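Inspection log for the structure reproduced underneath, given as structure tokens.
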Amino acid sequence: MKINMTEWAKAVIDSKKVMAVPIMTHPGIEMIGRRVIDAVSDGEVHFNAVRALAGRYDTAAATVIMDLTVEAEAFGADIAFEPDEVPAVRGHMLNSADDIARLQVPSLSAGRVPAYLKANLLAARAITDRPVLAGCIGPFSLAGRLYDMSEIMIYQNPEAAAMLLDKCTDFILKYCIALKKTGANGVVMAEPAAGLMSDDDCMRFSSVYVRRIVEAVQDDYFTVVLHNCGNTGQCTNAMTATGAAAYHFGNKCDMEQVSRQVPPTALTMGNLDPVSLFKSATPDEMRRATTDLLRKMSNYPNFVISSGCDTPPHTPFANIDAFFEAVGEWNSKL
């Protein structure tokens, strides 16, 4: 459904209530009795999981799986699949500057890209009461899955690094344009590897490339949410330099501290630990942590409460329920 995302974000900021958008799909896979490998391979199973969650929880937006292997696989990377685990890239497919020079930017028919486009298309058609946020990887994180993008490499051979980042950016941009055409209302771009760098390096090796994508696809009807769970607070300025409409933070940072650097017209999202809280805490601990974060962020109208990253497989529904109950109780007192 066509939703004006600029107006949606303004409504989120203007509302006295705090909106909740946890990044989660795996509980939906379990709701429909399927396994992770089914959802990451079959766009219809993936969609059914997203739809099941949207039917159960009052999220401000629906999100698809945060799978950081789809784009790398399209380039030819070797992917490890386990029935109930998130896919992972095995090793590096590029070992030299010559390998980078020979690397071809793949088509959108490569690997599992068509399955993910199908999942977003079906979700955008079926879920019409809230935005549907697609997912993609960021340029630096994709480059790191194809080649060892260590500090030594990017400084010893900056030309090769730039060439690889250009090719990664070209593909992600092509993918985002296709996601936009499915009817999805935005994309959560996961760039965790950039959070391991200083602000200056994050700007040079990530943000300038992310900004290229943002400027090409973001408009009133399609928003970019930049996710960086590696950031501990040292590269927030580089993140906001991308011009994204929303910034999603991981649990390693102080949510209030990083939010001070986010423009008041952009959304700041995060950052409850997906493992130690959502997956491993008791419902009472989950409820308490959620309320504590809501209290801490009460002076930020642009705050959207979320998990710090994708909630993992086998996250107990009791903890997800406790999260939403705590948000509901908080909002009922406003």
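The values are calculated or read from the model by the stated rules, or taken from the named source; none is laboratory data. Just so we're clear, the structure is a prediction, and the values are computed from it rather than from any experiment. As a convention, Cβ positions derive from the backbone with ideal geometry for all residues, glycine included, and neighbour counts pool all protein chains shown. Note: accessible area is taken over every heavy atom of the protein model, side chains too, but ligands, DNA and RNA are not part of it. Shrake-Rupley method; radii C 1.70, N 1.55, O 1.52, S 1.80 Å.
Observations on the structure shown:
- Per-region count, the range 279-306, residues more than 19 Å from SER15 (Cβ to Cβ) and outside any loop (DSSP other than H, G, I, E, B): 9
- Residue match in the range 156-166 (condition: crowded, with 18+ Cβ neighbours inside 10 Å and either within 23 Å of SER41 (Cα to Cα) or at pLDDT 95 or above (or both)): yes
- Test for SER150: is it farther than 30 Å from LEU122 by Cβ, of a type in the set (Ser, Thr, Tyr) and surrounded by fewer than 18 Cβ atoms within 10 Å (Cβ to Cβ): yes
- Selection from the range 294-318 of residues that are crowded, with 22+ Cβ neighbours inside 10 Å and over 22 Å from LYS16 (Cβ atoms): SER307, GLY308, CYS309, ASP310, THR311, THR315
- For the range 147-226, the helices (runs of 4 or more DSSP H) that sit wholly inside it and include 3 or more residues that are farther than 21 Å from ALA241 by Cα are 151-156, 158-181.
- Taking residues in the range 277-304 that are touching a residue at least 12 places away in the same chain (Cβ under 8 Å) and of a type outside the set (Lys, Arg), and partners anywhere that are surrounded by fewer than 20 Cβ atoms within 10 Å (Cβ to Cβ) and not in a helix (DSSP H, G or I), the pairs with Cβ atoms closer than 6 Å and at least 6 places apart or on different chains are ASN302/PRO264.
- Within the range 98-118, residues that are more than 9 Å from GLY43 (Cα to Cα) sit with their Cβ atoms under 7 Å from residues that are basic (Lys, Arg) and assigned to a helix (DSSP H, G or I), at 6+ positions apart or across chains, in these pairs: LEU103/LYS167; VAL105/LYS167; LEU108/LYS174.
- Subset of the range 69-124 [open to solvent by 30 Å² or more (accessible area, probe 1.4 Å), touching a helix residue (DSSP H, G or I) at 6+ places or on another chain (Cβ under 9 Å) and under 23 Å from VAL275 (Cβ atoms)]: PHE81, GLU82, PRO83, ASP84, GLU85, VAL86, VAL89
- If only residues of the range 245-293 that are of a type in the set (Ser, Thr, Tyr) and more than 15 Å from VAL327 (Cβ to Cβ) are counted, the one that is most open to solvent (accessible area, probe 1.4 Å) is THR265.
- Annotation note: of GLY28, GLY43, GLY33, the sole residue that is touching a Leu at 6+ places or on another chain (Cβ under 6 Å) and either modelled with pLDDT of 95 or more or over 24 Å from LEU277 (Cα atoms) (or both) is GLY28.
- Of the residues screened, ALA52 is not one that is within 15 Å of PRO131 (Cβ to Cβ), under 20 Å from the mean Cα position of the chain (by Cα) and either of a type in the set (Asp, Glu) or open to solvent by 10 Å² or more (accessible area, probe 1.4 Å) (or both).
- Number of residues in the range 245-265 that are assigned to a loop (DSSP other than H, G, I, E, B), within 19 Å of the chain's Cα centre (by Cα) and without any contact (Cβ under 8 Å) to a residue 40 or more places away in the chain: the value is 2.
- Checklist (1) open to solvent by less than 10 Å² (accessible area, probe 1.4 Å); (2) in a loop (DSSP other than H, G, I, E, B); (3) out of contact with any Lys or Arg (no Cβ under 7 Å at 6 or more places or on another chain); (4) not aromatic (Phe, Trp, Tyr) applied to THR242, failing item: (3)
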